[in-house]
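See structure below.
The values are calculated or read from the model by the stated rules, or taken from the named source; none is laboratory data. All figures in this text were calculated on a predicted structure; none of them were measured in a lab. Neighbour counts run over all protein chains shown; Cβ positions are idealised from the backbone, glycine included. Note: accessible area is taken over every heavy atom of the protein model, side chains too, but ligands, DNA and RNA are not part of it. Shrake-Rupley method; radii C 1.70, N 1.55, O 1.52, S 1.80 Å.
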Amino acid sequence: MPSRWSGNARSVASGARTSSVSPRLWRAIGSSSQWKRSRETACPTERSPPRPDAHVVVGRCLSYGEGITYWPVTDVVKSAAGILQSDVRETVARKLDLFFERLPTADMDELRTIAAALSNVIGIPTTPRGTYEAGEIAQGELHWGIRRAAQLLALDRPTVLVFEDLHWAEPTLIELLEYIAGERTDAPLLVIW
């Protein structure tokens, strides 16, 4: 992987806003150790250092197991919401609810779908306020809710979503990442995989 970002990636990392562009989807090809060593040095440049408030979240695909299709998305959501592995279900629900309150939208239908999608991915049976059964969501709604949450997070502050070990990914996860990157938005969002 190159040691510097270029073009729109640099603009996203520095917080520059462009008018209605698609989120960038980058495929980093190389050994995992090469990627991990370069990840911290990939963004800073002499001309355009990253904004200190840019939000970088990382999710990793697992090589085996059941129910792991959205595992890296779970990692990303938990990181963005401040959820720890050691948190009990009530704490997870409370932190997820606080995350939803911070999203810059007042559209309650939109928030309900986002809440159902993210609750489903994390494995909470109902949304934090118990308004919607998380298991009762179609794949289209799930993907829309995840994408919209990423966009809203990026509207709040520049966001970089990093997905590692995609060679283990299920095709459904790849479809989701392409779906996220395919939407035109004003949000400074960069997806690296």
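Values as computed for the structure displayed
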| read-out | value |
| --- | --- |
| Pair list, Cβ under 6 Å, 6 or more apart: the stretch 60-74 residue in contact (Cβ under 8 Å) with a residue 24 or more places away in the chain and within 12 Å of HIS167 (Cα to Cα), other residue in a helix (DSSP H, G or I) and open to solvent by less than 20 Å² (accessible area, probe 1.4 Å) | ARG60/PRO72; CYS61/PRO72 |
| Conditions (1) open to solvent by 50 Å² or more (accessible area, probe 1.4 Å); (2) at pLDDT 95 or above; number of the one not met by MET108 | (2) |
| Count of residues meeting criterion [surrounded by 23 or more Cβ atoms within 10 Å (Cβ to Cβ) and in a helix (DSSP H, G or I)] in the stretch 181-193 | 0 |
| Helices (runs of 4 or more DSSP H) fully within the stretch 54-124 counting 1 or more residues that are β-branched (Val, Ile, Thr) and touching a strand residue (DSSP E or B) at 6+ places or on another chain (Cβ under 6 Å) | 71-81 |
| Output for the stretch 139-193, where each listed residue is of a type in the set (Lys, Arg) and without any contact (Cβ under 8 Å) to a residue 60 or more places away in the chain | ARG147, ARG148 |
